[in-house]
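In what follows, a structure is listed as structure tokens, so that the remarks can point back to it.
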Amino acid sequence: MNVVTPFEGIGASLRRKEDFRFLMGRGQYVDDLNRPGQTHAVMLRSPHAHATIDRIDTAAAKAMPGVKAIFVGEDMAAESIGGIPCGWQIHSKDGSPMAEPMHPALALGKVRHVGDPVAVVIAETKAQARDAAEAIIVDYTPLPAVSGTVAALQPDAPQVHEAAPGNLCYDWHIGDKAAQEAAFARAARVVTFETTNNRLVPNAMEPRAAIGDFDSFSGDYTLYTTSQNPHVIRLLMGAFVLHIPESKLRVVAPDVGGGFGSKIYHYAEEAIVTWAAGKVKRPVKWTCERSESFMSDAHGRDHVSAAELALDAEGKILALKVHTLANMGAYLSTFAPCVPTYLYATLLSGVYAMPVIYAEVKAVFTNTVPVDAYRGAGRPEATYLLERLMDVAAAEAGLDKVEFRRRNFIRPDQFPYQTPVALQYDSGDYHSTLAACLETAGWAGFEARRAESKSRKKLRGIGISTYVEACGIAPSAVVGSLGARAGLYEVGTIRVHPTGSVTVLTGAHSHGQGHETTFAQLVADKLGVPTANVDIVHGDTAKVPFGMGTYGSRSLAVGGSAMDKAMDKIITKGKRIAAHLMEASVEDVEFERGTFRVAGTDKTKSLTDISLAAYVPHNYPIDEIEPGLEETAFYDPKNFTYPGGCHICEVEIDPETGRTEVLNFTAVDDVGRVINPMIVEGQVQGGVAQGIGQALLEAAIYDASGQLVSGSFMDYTMPRAGDLPDVGVATHTTLCTHNPLGVKGCGEVGAIGSPPAVMNAVVDALRDYGVRHVEMPATPQKIWGIVNSHRLAAE
Amino acid sequence: MYDFAYHKPASVADAVKILASDPEARPISGGMTLLPALKLRLNKPTAVVDLSGIAELRGVKREGDKLVIGALTRHFEVATSAEVKAAIPALAAMANTIGDTQVRNRGTMGGSVANNDPSADYPAALLALGATIQTDKRTVPADEFFNGMFTTVLEVGELVTAIHIPIPEKAGYAKMRNPASRYSMAGVFVAKGAAGVRVAVNGAGANGVFREKAMEAALAANWSPDAVAAVKVDAGLMNGDIHGSAEYRAHLVTVMAKRAVVDAG
Ligand SMILES: Cc1cc2nc3c(=O)[nH]c(=O)nc-3n(C[C@H](O)[C@H](O)[C@H](O)COP(=O)(O)OP(=O)(O)OC[C@H]3O[C@@H](n4cnc5c(N)ncnc54)[C@H](O)[C@@H]3O)c2cc1C
């Protein structure tokens, strides 16, 4: 572990093994797969945000060329197909369980958001299926709809579900209310702040797709799907929706082109094509169109929050109080309820020593696409609220914003640090990441750059965010006690083949993260097998024993740790074989990177000698141990991991047009031990791109009738290369103290730390205009409106 | 896409004949506008008449004090043409800002002009430059050709064949892009030439591309950014959407006019 092989082991910026395949167009995504005899499915979706379905007439459509079958909600209900399940149960303050209304795969009697699937057409070609879908007659009676997060709780708001009175899913809280009130009573100053966290559409490059396949002879089902966690889909869909035993259901997630959370969830279309394949006795393929993605992939964020921060006379934080409304959309997506609770409110302490926190969260149903985890999931919302609040509070207290942060930081000697909102941070060094970031970003020289911009009639601003997040999810017992309906361990199998090459089976899933490289580096580092001889297998329930998948920056921290444990078992067994071969006692055999050695001698055996002996056990301790060299480990983490760091952003605003340009962005993150620095840099840059997107560009906008106005790339502003600066990435490591690799995770830090850094810079740029806050996204129109209305104040 | 018949004629005469025989047939040039509409099933032509094989529709040439640009000339060709760059550099520069590389290598001037998207770039240039649009039947001055949003005087089956553009003394263009689509949200093309000063605006007007007469008068009196800076545009005549209210667009027109004058020099 401590010795780094120069080219391939831990710490090497090895080029990604998988990129050759991807860059040459040789990836095999679900839509690239075609099964013999395959049919094509098209979903007919609701054009209404809220309506009763009075009649569906499929007669004409069924008679059209190529049509094999058309199914509606009643067809599935008639076979006792279950609703799409939710994987997390939250309890309200009063102990009652959250409202969990039925989520039928195909609508039953009512549609609740634009895009809600109403019928599926299965035909010989996709065009025939589309033609027939257009010929289905659906009589709707439109109902009043509610799309806004705040509007959902108004007394006269339209009701989305009868089973959720007042559109309330839950009313939850965390922290000590009495202590918070007491702290506020003796505060020298209370700073208030309100903000909205804009709803986002994830927009993975690859749209979702699914192929259902049924073997009528064996009775086996196979689902090929764009998933981040095929075993989770097998569990949820098999057990709760279609009632297919695990042994009869295989789920394959081959190459997947980006997920960002949106491909964690079990979606209706997966159940529909799998079930329909059994009905039509032919494979059924469905590929989402981009405009369909906008109205059916789970969206992200969408919070409305009010916060109050109590300070003492020295600018030390006494207590924080937060009230948040979170939009769940029309139905509960797989992990939706935990995002604004255990992935959000537990992060409100940030990097600060806050004695008291009290947070209340209400989740609401609306006539919009379901909302669930999106890169960062809850933690970006918490970080944004807190880091904007820190700037506002520093300004109101008359303190320098950096000094104010430093004064409240958790000090290195305070770890492990128990926050008042359940988490215990194991390690971190916020002073060092701050210092490094200030230095790299040239914080001290900013005013000169601002003056130079001013000479060009431009407004320059600089913003900082210091953050921590909780990932590497998660200890099963802990999440179980918080409402998770699954464990969150990970599984790794190390299969050493007879001639010493290695296959790794992992329950984590790579959809852009570079696992085929990083995981191979772990094996190279520990077992001394060149990465070229290490293959990573993932994404197939028929090959990988089990797994919980990839999200919450868990693949390395949890999945990598499982592999590490399995490699320990390989080494233990290998030592016994080596001891036998070298006629030494097991205690005397040492192993280091591919070589077994009798301590203090020059007697050695290579890993290949051992694997060969294990599979050709002619001279072998056959009475003591079994042949073969393959080990599996399940690793259940002891705690979350806590990456953190500092992001600094510099922007320039053109006050005439309101356009904001990001001039530079500096990230110094503590992601624990770095396995592949190049991949870490890429992950952080990608996350920052999405953070800049949230801050300046992206917004899913519903009108009052529940239509998604920003329903295509003509109106939904995805970040483009030209919107992004060079992102300087550096790491400053403190090791995770509780996993064997010392790793924390790097997948989400970019998206978590960056939005407040950008927005703090925007507000700073507008400081002469007396602006206290700007809501995301800071579009040109919005900034111009502010500049225009504050013009007199500035002049 | 719905099914349609496909024709690829080799001459304008043949194309016009096919179009005349079927009022539901549509010409296609670069397909950058028509194809997405077909794929989204927003359009259901019986036949598509592909103009790309008609050699006579291609190319840029200089005829005296005019440029003549064939309808099939692609944005990339306009952007890189030595003739255009020498005669009307602002037009070449504009072409280089249309869409992205792929779009510029497919989209054509004739297609853009016939489509008259209110946010498209070329219509403002042609209006400001006092161009005439030549069709298979007639020539129409740009002032009469563009007729509000997505409408022109073209009759069903009538083809744009070439655009004749008088070479100005100077011209300039500036636009503010819609952050999502990157089409113009307010673009202003200014030109000074034999026909005087002309200013045309795209992206902003409630009724498509239009000439801004007050700015023309201001610039005729005093060709300077300051002259147009003083001209305020009536928000009541502007378009509004989630990216830009009518007030914002009205403001942007003035800002872009200033910048266009700077661009023109
Ligand atoms: C991603 C993207 C970005 C874009 N960005 C911009 C932008 O920033 N600015 C901009 O100005 N445009 C932009 N466009 C539009 C692009 O410039 C189009 O190419 C152009 O508007 C139409 O030209 P075309 O040759 O592709 O026409 P087509 O799509 O082939 O046809 C468009 C319409 O004109 C008709 N037509 C075509 N040729 C003729 C003819 N010779 N005579 C009569 N009718 C004809 C067709 O029947 C159709 O109705 C963008 C397009 C895309 C896809």
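The values are calculated or read from the model by the stated rules, or taken from the named source; none is laboratory data. The shown structure was predicted, so the numbers you read here are calculated from the model rather than taken from an experiment. Backbone-built Cβ (ideal geometry, glycine too); neighbour counts: all protein chains shown. Accessible surface is based on the protein model in full, side chains and every heavy atom, while ligands, DNA and RNA are left aside. Shrake-Rupley method; radii C 1.70, N 1.55, O 1.52, S 1.80 Å.
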Given charges of +1 on the Cβ of Lys and Arg and -1 on the Cβ of Asp and Glu, with all other atoms neutral, how large is the dipole of the protein assembly as shown about its Cα centre, in debye to the nearest 20?
1500
If you roll a 1.4 Å probe over the protein assembly as shown with all protein chains in place, what percent of the accessible area is carbon or sulfur?
53
In the neighbourhood of B:Arg259 defined by beta carbon distances under 10 Å, the net charge of the other residues (Lys, Arg +1; Asp, Glu -1) is 0
Using alpha carbon centers only, region A:674-740 is separated from region A:319-386 by a whole-angstrom value of 18
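Assign unit charges at the C-beta atoms only (+1 for Lys and Arg, -1 for Asp and Glu), then state the dipole size of region B:96-208 relative to its Cα centre in Debye, rounded to the nearest 20. Spell out each step's value before the answer.
On the way: 10 positive and 9 negative charges, 78 e Å.
About 380 debye.
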Where does each of A:Ser291, A:Ser46 land when they are ordered by accessible area, with a 1.4 Å probe and the largest first?
A:Ser291, A:Ser46
Of A:His103, B:Gly203, B:Val60, whose Cα points farthest to the positive end of the dipole of the protein assembly as shown (charges on the beta-carbon: +1 Lys, Arg; -1 Asp, Glu; origin at the Cα centre)?
B:Val60
Alpha carbon centroid spacing (whole Å) that separates region A:542-563 from region A:159-184:
34
Treating cross-link reach as a plain straight distance, find the lysines whose alpha-carbon is under 23 Å from the alpha-carbon of A:Lys68, omitting any fewer than eight places away in the same chain.
A:Lys126, A:Lys279, A:Lys281, A:Lys285
Can you give the log10 of the normalised intensity I(q)/I(0) at q = 0.15, 0.23 Å⁻¹, computed with Debye over equal Cα scatterers of region B:170-264?
-0.49, -1.09
Relative contact order in percent for chain A (Cα pairs under 8 Å, 6+ apart) equals 15
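Need one word for region B:69-134: rounded, prolate or oblate. Basis is the Cα gyration tensor (sqrt eigenvalues a ≥ b ≥ c); a/c below 1.5 gives rounded, then a/b vs b/c decides.
Cα axes put region B:69-134 in the rounded bin.
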Given a 1.4 Å probe and heavy atoms of the protein chains only, how would you sort B:Ser21, B:Ser184, largest accessible area at the top?
B:Ser21, B:Ser184
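If you take every residue apart from A:Arg282 with its C-beta less than 13 Å away from the C-beta of A:Arg282, what net charge results, scoring Lys and Arg +1 and Asp and Glu -1? Don't skip to the end; give the middle numbers.
Details: positive: A:Arg35, A:Lys68, A:Lys279, A:Lys281, A:Lys285; negative: A:Glu124, A:Asp213, A:Asp215.
Every neighbour counted, the sum reads +2.
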Span from the region A:401-431 Cα centroid across to the region B:20-73 one, whole angstrom
64
For region A:706-711, Karplus couplings with θ = phi - 60° (6.51, -1.76, 1.60), whole Hz, Gly/Pro x:
x, 7, 7, 5, 8, x
Total formal charge among the other residues, if their Cβ is under 12 angstrom from that of A:Gln414, Lys/Arg +1 and Asp/Glu -1
-2
Rounded to 10°, Cα long-axis angle of helix B:246-264 versus longest principal axis of chain B
80
Less than 20 Å apart at the alpha-carbon level, and either on another chain or at least 8 residues along: which lysines does that give for B:Lys175?
A:Lys457, A:Lys458, A:Lys782, B:Lys85, B:Lys192, B:Lys213, B:Lys232, B:Lys258
All aspartates and glutamates inside 20 Å of A:Lys603 as judged from Cα atoms, apart from same-chain residues fewer than 8 positions distant
A:Glu583, A:Glu587, A:Asp588, A:Glu590, A:Glu592
Please go through region A:686-795 and write out the chymotrypsin sites (Phe, Trp or Tyr not before Pro) that DSSP classes as loop and that have at most 16 other C-beta atoms within 10 Å.
A:Phe713
Once you order the gyration tensor axes a ≥ b ≥ c over the Cα atoms, which shape class does region A:679-759 get: rounded for a/c under 1.5, otherwise prolate or oblate by comparing a/b with b/c?
prolate
As a test of reading the structure, rank A:Ser611, A:Ser13 by solvent-accessible area (1.4 Å probe, protein chains only), most first.
A:Ser13, A:Ser611
Checked the protein assembly as shown with the C-alpha gyration tensor, a ≥ b ≥ c its square-rooted eigenvalues, rounded below a/c of 1.5, otherwise prolate if a/b is larger than b/c and oblate if not; verdict prolate
